[in-house]
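Visitor: First, the structure itself, so that you have it in front of you.
Derivation of every value follows stated rules applied to the coordinates shown; laboratory data play no part. This one's a predicted model, so the numbers in the text were calculated from it and none came from an experiment. As a convention, Cβ positions derive from the backbone with ideal geometry for all residues, glycine included, and neighbour counts pool all protein chains shown.
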Amino acid sequence: MKKKLVAAVGWILLGALAEAAGYDANDFAVEVVEYVPGGGIPIHYWTSQPYNNPQAVLGRPTVDTVGDGAAAPPGQTVPVVPVYPAWLPSEVVSIGFGGHLVLRFGRRVYDAPDNPFGKDLIVFGNSFQNINGSQYWLMGNPVLLTTLNKPCTKEPAVISVSQDGLNWFTFTMDEAYRVNPDFSDPNFPGRYGFLGDFFADAFAPTLGRVYEPGLAGWWGQETDPTLPLDPAVLETDFRNTTLAQIALMYGKSAGGTALDISQFPLPVDPQTGRKWIQYIRFDNPRTSGATPEIDAVARVRGRSERFPAADITEDGRVDLEDLVQLSADWLEGTEGGIE
């Protein structure tokens, strides 16, 4: 039995190392393939800079931003929360009327069977939940800030995915535009709009840091941008509720729009037998009336990556609780007790 426990401790230590690795830069966009700004790009009112820097979307979504002097203390570093999104030209890029943006992930994004909630990739914009116009967040107690009974503010952009950057598959309800759409067609993305709520700069607003009620300042470690928000959490759940309650619904997730590529007739990887993509494209229809912003894109990490083999309790940590559970399971399966 002693040898088995020694081996178990070894597995836990190895698991801890695996957990520490987490996600890396290749889980996000690493290259801007093409950016056509389009018309009506907004201007940042402090610096007079246009929101036309596509390099802003590379890497993970924004964790902390700065106060604007109205909704948050001026110039102060503040976490991105669902009522206060990323908003600087260095944090997000805007897609104007008739514009588009094409990005390449640092690695293939697979339709893996152990991806949480069956989602494969996540898009982050700067949508936000509305609060009373006379009520400001000001980095106060999240328990004391209540949202309005109305939808989050969003500016949708059409999302398409590809393996090679040439052959595209679009999230839309119009079958005529779903496979190899004609992006130059003025009717794109189709007569019947988007496929459900699967468009960019939409629900769920980004959460940069985990809400920890007992922590001074309330906001702790960075959220996990490769973990989708539970799809059981609906946009209506964010209305007429407190920022604290909203943040608790996220847990460790950073939110964003989570997507499933399994619906598309994508060629499979011959080694894994799984569908995959590596490019993502955002289009803003000419008549949209909105200028959506993109912060980042991320691939979803599957359970086998998220929970090392030694994380027996699947709580995201490799610690003594895993050893206790492993020992208990071991004894249950041993005839005659301890060997």
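Visitor: Could you give the nm distance between label points at GLN221 and VAL36, where each point is 7 Å from its Cα heading toward the beta carbon?
Guide: Going by the 7 Å Cα→Cβ label model, 4.3 nm.
Visitor: Could you list VAL123, VAL102 in order of exposure, starting from the residue whose Cβ has the fewest other Cβ atoms within 10 Å? Please report the intermediate quantities before stating the final value.
Guide: Values: VAL123 24, VAL102 21.
In order of increasing Cβ crowding within 10 Å: VAL102, VAL123.
Visitor: Using the per-residue mean of other Cβ atoms lying within 10 Å as a proxy for protection, in what order, highest first, do the peptides 211-223, 279-291 fall?
Guide: 279-291, 211-223
Visitor: Could you calculate the contour length gain from ARG191 to ASN132, that is, 0.36 nm times the residue separation minus the distance between their Cα atoms, to one decimal place in nm? Present the calculation step by step, with values, prior to reporting the outcome.
Guide: Numbers: separation 59, 0.36 × 59 = 21.24 nm, distance 3.52 nm.
This chain segment gains 17.7 nm when fully extended.
Visitor: In addition: Let me have the relative contact order for the range 24-300, percent, based on Cα pairs under 8 Å that are six or more residues apart. Numbers along the way, then the final one.
Guide: Numbers: 740 pairs, mean separation 84.3, N = 277.
Relative contact order of the range 24-300: 30 percent.
Visitor: Find how much the distance from LYS150 to LEU166 grows on full extension, using 0.36 nm per residue of separation minus their present alpha carbon separation; answer in nm with one decimal.
Guide: 1.8 nm
Visitor: Here is a further query. What ranking do 267-274, 238-245, 60-67, 156-163 get when scored by the average of other Cβ atoms within 10 Å per residue, highest first?
Guide: By packing density, highest mean first, the sequence is 156-163, 60-67, 238-245, 267-274.
Visitor: Let me ask something additional. Using amide H atoms built in the peptide plane, which far-off residues or other-chain residues are under 5 Å from VAL179 H to H?
Guide: For VAL179, the qualifying residues are THR170.
Visitor: Rounded to the nearest 20 Debye, what is the dipole magnitude of the range 24-300 about its Cα centre when Lys and Arg each give +1 and Asp and Glu each give -1 at the C-beta?
Guide: Charge dipole, the range 24-300, about its Cα centre: 180 debye, nearest 20.
Visitor: Still on this structure: Quick one: order PHE183, PHE105 by neighbouring beta-carbon count within 10 Å, fewest to most.
Guide: Values: PHE183 15, PHE105 22.
Starting with the residue having the fewest Cβ neighbours, the order is PHE183, PHE105.
Visitor: Quick check on packing: order 172-178, 144-150 by the mean number of other C-beta atoms within 10 Å, highest mean leading.
Guide: On the way: 172-178: 17.6, 144-150: 15.3.
So the order, starting with the most tightly packed, is 172-178, 144-150.
Visitor: Between ASN240 and ARG107, what is 0.36 nm times their sequence separation minus the Cα-Cα distance? Round to one decimal in nm. If you can, show how the numbers build up before the last one.
Guide: Numbers: separation 133, 0.36 × 133 = 47.88 nm, distance 3.98 nm.
Taking ASN240 through ARG107 to full extension adds about 43.9 nm, to one decimal.
Visitor: Relative contact order, percent, of the range 183-270 when contacts are C-alpha pairs under 8 Å separated by at least 6 residues?
Guide: Averaging sequence separation for qualifying contacts and normalising by length gives 35 percent for the range 183-270.
Visitor: While we're looking at this one, here's another question. Determine, from the Cβ-Cβ distance of ARG274 and ASN26 and an R0 of 22 Å, the FRET efficiency 1/(1 + (r/R0)^6), rounded to the nearest 0.05.
Guide: 0.80
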